[in-house]
Amino acid sequence: MSDKVLLDYGSGGRASQRLISELFLKYLGNDELNRLNDAAELSVSGRVAMSTDSFTVDPIFFPGGNIGSLAVHGTVNDVAMMGAIPRYITCAYIIEEGLPMDDLERIVSAMGEAVKTAGVTVVSGDTKVVPKGAVDKIFINTTGIGDIIVDPAPSGDAARSGDAVLISGTIGDHGLTVLGTREGLDFEAKVESDSAALNHLLVKLVRELPEVHVLRDPTRGGLATTLNEITTSSNVCCELDENSIPVKPEVKGGCSILGLDPLYLANEGKFLCVLPEAHAEKALEIMRADPLGKDACRIGTMTDANPGKVVMLTQLGGKRLLGMLEGEQLPRIC
Amino acid sequence: MSLEFLQKFRDPDMCRKILDKMESELDRDLRFMEVCGTHTVAIFQSGLRSLLPERIVHLSGPGCPVCVTHESEVNAFLDLAGRAGIIMATFGDLMRVPGDGGRNLKKATADGARVKVVYSPFDTLKLAKENPGDLVIFIGVGFETTAPTIAATMKMAREQGVDNLRILCFHKTVPPALDALLSDEAINIDGFILPGHVSAIIGVKPYDFIAEKYSKSAVVTGFEPLDILQSLMQMIDWRKKGEAHVVNNYTRIVGANGNQKALEIMYEVFEPADALWRGIGLIPGSGLEIRPEWEQFDAKKEFGIVIKDCPPLKGCKCGDILKGIKQPNECPLFGKACTPANPVGPCMVSTEGSCAAYYKYKLD
């Protein structure tokens, strides 16, 4: 194959076939995908969770992952947040002509590793190559499907007053890493994306505690925006304890230099869990037993004080509103 | 400065003690103005706003660079954005600032303008070198904090022979603005929380006139809750004793004489000039212009840009808010026609603007 992706590779002809067999099947192949039929034949019954997401991250490589692994983690996590076991995934690549073949291989290989770790099967895929400038290097869409194993499934509108609010670990790592890498910023201490597939931990959690009311991964918009979505849908108030929200010192430091708030930065390997108070300790125990949840802690409580709002109890004992992010966070003047 | 060290300035017990003392010693309303937008945000974000005695009337002053950028200045950079062969470089704050007809840099970008958000003025040098066929115009907005770095960037550009970088210089200086506020009889302020960042450059002496000319107190203050509370407590004590002082409480960052090297470089490249402040109007000697020796970098000269006063936006009370005459929620547009999603005035668009902070953080 050429050392760069050419328009030929998206032609549907021999070049496309070579790309698929020598690259995609090499890393993502399995009995179903290898048949290269127009569609996958799957055996699905009962209640299923299905989710789709497109990944356009810039830069495509960042400390802790790349767009390939991220495209798996993002969709697997979305399916798992429904109290489901993710089983199948599809992927569609839109590649800019001229992308180095080595870069594409690194991405597909990372995707292969990620599906293996998550235990999901890639059952269908698509590759398009578009003229230079039509996309920024590479975009990937993934769709996932899984079996829901709890009834009712966790849902954003199911939080109740009195519920405990838990987070599976530190926040802001992914968002700051991507921003720092994109802008070529050197932070004093290294920051790394937390991108990871959370499905095994989540399945363990909902199997033991099917009473979980809400599971959400605070991706774009971060913890603050996700909590606002939950309080709005459930018409409850979330009272957060500022002291207990875990943020790595290096993330705190980087944010303070750039004038960013870690509460609004994206995460890709963390989840929020809202469940009845009686199960909070057990949930934390389950989360902390897994490396992906080792820093899990309780950050707040749902109340009926200010329905639809997220209220921060500050370190000083004061109260303030924690609103939804308006647009993107931008670096400020001073 | 380590975060552990800063934690000492957030000690809840110490803060409580000062708050209790304040509560017992305040014998009348105290109207204090924090000049700097970062203080505004710090006061809300730490929850101090909800803990301060009700008799402390908290006013946000003209210390947010975005908020005081004049309508005519906004229109000037929006007019340049989108022209062929021009790349506008800016700090992120300016992207959503509305100009006439609801224009802003975000919309201009969507329409094809080349606008690059930078993290430091030095990034513009790299940008200019990477785009030799284009003119890179940096929107120089800000106070004494940012002006020296921009001056250093211009010096570096000259040394390196970079000839496609221009500066649209809208810099303003803080002391003349405070003088203008204090000389306005409609404005009633007991004391100022003076900006930490600006003071790190200019030092403390330029504020002496506040006590000497107007018999008011002012304290250069850091951004942690204890910094702010201690400064307020001092001003309460002085007022009770009938005294007025200007002191530096932020000695861990601010030296009495500021940063001489930064001032030297700033005045080597810029010279004082009159400037228009949004909502306030013309303040003599409150701006910085590029000196004639450096006019090769002057975008205003090259494009013949004239900054003219114009009537404020209908209904927008940003001017009264910047002057401490009105609180954000007293503006008829606040939270209705003017929200962070659709800001009418600059106090709502800037992350450090008083209206945006009020909207974002205030619970009731």
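Condition check: over 19 Å from A:Gly318 (Cα atoms), within 14 Å of chain A (Cβ to nearest Cβ), open to solvent by 10 Å² or more (accessible area, probe 1.4 Å) and out of contact with any Gly (no Cβ under 8 Å at 6 or more places or on another chain). Does B:Ala42 satisfy that?
no
What is the number of the single condition among (1) surrounded by fewer than 17 Cβ atoms within 10 Å (Cβ to Cβ); (2) under 18 Å from the mean Cα position of the chain (by Cα); (3) farther than 22 Å from A:Asp217 by Cβ that A:Val130 does not meet?
Result: A:Val130 passes all but (2).
Determine the pairs where a residue that is assigned to a helix (DSSP H, G or I), located within segment A:187-203, has a partner that is at pLDDT below 95 with Cβ atoms under 9 Å apart, the partner being 6 or more residues away or on another chain.
Partner pairs satisfying both residue conditions: none exist.
Have a look at B:Phe170, B:Phe143, B:Phe122 and point out the one that is under 21 Å from B:Ala299 (Cα atoms), aromatic (Phe, Trp, Tyr), more than 16 Å from the chain's Cα centre (by Cα) and within 14 Å of chain A (Cβ to nearest Cβ).
B:Phe122
Considering every residue within segment B:153-163, establish whether at least one is in contact with a Ser or Thr (Cβ under 8 Å, 6 or more places away or on another chain), crowded, with 19+ Cβ neighbours inside 10 Å and not in a strand (DSSP E or B).
The answer is yes, given that some residue of segment B:153-163 is in contact with a Ser or Thr (Cβ under 8 Å, 6 or more places away or on another chain), crowded, with 19+ Cβ neighbours inside 10 Å and not in a strand (DSSP E or B).
Scan B:Val349, B:Val246 and give me the residue that is more than 26 Å from B:Gly92 (Cα to Cα) and buried (at least 16 other Cβ atoms within 10 Å of the Cβ).
Checking each option against the conditions leaves just B:Val246.
Each row is one residue, and each column tells you yes or no for (1) in a helix (DSSP H, G or I); (2) open to solvent by less than 30 Å² (accessible area, probe 1.4 Å); (3) in contact with a Pro (Cβ under 6 Å, 6 or more places away or on another chain); (4) closer than 29 Å to B:Asp13 by Cβ.
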{"site": "B:Asp179", "(1), (2), (3), (4)": "yes, no, no, no"}
{"site": "B:Glu212", "(1), (2), (3), (4)": "yes, no, no, no"}
{"site": "B:Asp227", "(1), (2), (3), (4)": "yes, yes, no, yes"}
{"site": "B:Ile253", "(1), (2), (3), (4)": "no, no, no, yes"}
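Please enumerate the residues belonging to segment A:1-25 that are farther than 14 Å from A:Ser109 by Cα and in a helix (DSSP H, G or I).
A:Leu7, A:Asp8, A:Tyr9, A:Gly10, A:Arg14, A:Ala15, A:Ser16, A:Gln17, A:Arg18
Can you tell me which residues in segment B:51-69 are more than 13 Å from chain A (Cβ to nearest Cβ) and either buried (at least 24 other Cβ atoms within 10 Å of the Cβ) or in contact with a strand residue (DSSP E or B) (Cβ under 6 Å, 6 or more places away or on another chain) (or both)?
Within segment B:51-69, B:Ile56, B:Val57, B:Leu59, B:Ser60, B:Gly61, B:Pro62 meet the criteria.
Can you tell me how many residues in segment A:89-111 are assigned to a helix (DSSP H, G or I), closer than 26 Å to A:Ile145 by Cβ and open to solvent by 10 Å² or more (accessible area, probe 1.4 Å)?
2
Looking only at segment A:293-319, count every residue that is among the small types (Gly, Ala, Ser) and within 14 Å of another protein chain (Cβ to nearest Cβ) and tell me the total.
Residues flagged as among the small types (Gly, Ala, Ser) and within 14 Å of another protein chain (Cβ to nearest Cβ) within segment A:293-319 amount to 4.
If I ask for residues that are among the aliphatic types (A, V, I, L, M) and more than 18 Å from B:Leu232 (Cα to Cα), which ones from segment B:194-208 would you list?
Once the filter is applied, which keeps residues that are among the aliphatic types (A, V, I, L, M) and more than 18 Å from B:Leu232 (Cα to Cα), segment B:194-208 yields B:Val198, B:Ala200, B:Ile201, B:Ile202.
Determine which single condition B:Glu293 fails, assuming it passes every other condition in (1) within 14 Å of chain A (Cβ to nearest Cβ); (2) closer than 19 Å to B:Phe138 by Cα; (3) surrounded by fewer than 20 Cβ atoms within 10 Å (Cβ to Cβ).
Here B:Glu293 clears every test but (1).
Does A:Cys273 satisfy being open to solvent by less than 40 Å² (accessible area, probe 1.4 Å) and either without any contact (Cβ under 8 Å) to a residue 24 or more places away in the chain or not in a helix (DSSP H, G or I) (or both)?
Here the answer is yes, as A:Cys273 does meet what is asked.
Residue under question is B:Val306, and the condition is that it be part of a loop (DSSP other than H, G, I, E, B), over 24 Å from A:Leu325 (Cα atoms) and either away from chain A (no Cβ under 14 Å) or modelled with pLDDT under 90 (or both); does it hold?
Yes, satisfied.
Checking A:Ala278 against (1) within 14 Å of chain B (Cβ to nearest Cβ); (2) of a type in the set (A, V, I, L, M, F, W, C); (3) outside any loop (DSSP other than H, G, I, E, B); (4) open to solvent by 50 Å² or more (accessible area, probe 1.4 Å), only one condition comes out false. Which one?
Tallying (1) within 14 Å of chain B (Cβ to nearest Cβ); (2) of a type in the set (A, V, I, L, M, F, W, C); (3) outside any loop (DSSP other than H, G, I, E, B); (4) open to solvent by 50 Å² or more (accessible area, probe 1.4 Å), A:Ala278 fails exactly one: (1).
Inspect segment B:29-39 for any residue being more than 12 Å from chain A (Cβ to nearest Cβ) and either open to solvent by 10 Å² or more (accessible area, probe 1.4 Å) or farther than 29 Å from B:Val66 by Cα (or both) and give the result as yes or no.
Yes: one or more hits.
Give, as residue ranges, the helices (runs of 4 or more DSSP H) completely inside segment B:314-364 that count at least 1 residues that are touching a strand residue (DSSP E or B) at 6+ places or on another chain (Cβ under 7 Å), within 14 Å of another protein chain (Cβ to nearest Cβ) and closer than 18 Å to A:Gly327 by Cα.
It comes to B:346-349, B:354-361.
Here's a check for you: in segment B:10-25, which residue that is within 20 Å of B:Lys241 (Cα to Cα) and open to solvent by less than 20 Å² (accessible area, probe 1.4 Å) is farthest from the other protein chains (Cβ to nearest Cβ)?
Residue satisfying both the conditions and the ranking: B:Met22.
The values are calculated or read from the model by the stated rules, or taken from the named source; none is laboratory data. Here the structure is a predicted model, which means the values were calculated and not measured. Note: ideal-geometry Cβ built from the backbone for every residue, glycine included; neighbour counts use all protein chains shown. Side chains included, ligands, DNA and RNA excluded: accessible areas come from the protein's heavy atoms. Shrake-Rupley method; radii C 1.70, N 1.55, O 1.52, S 1.80 Å.
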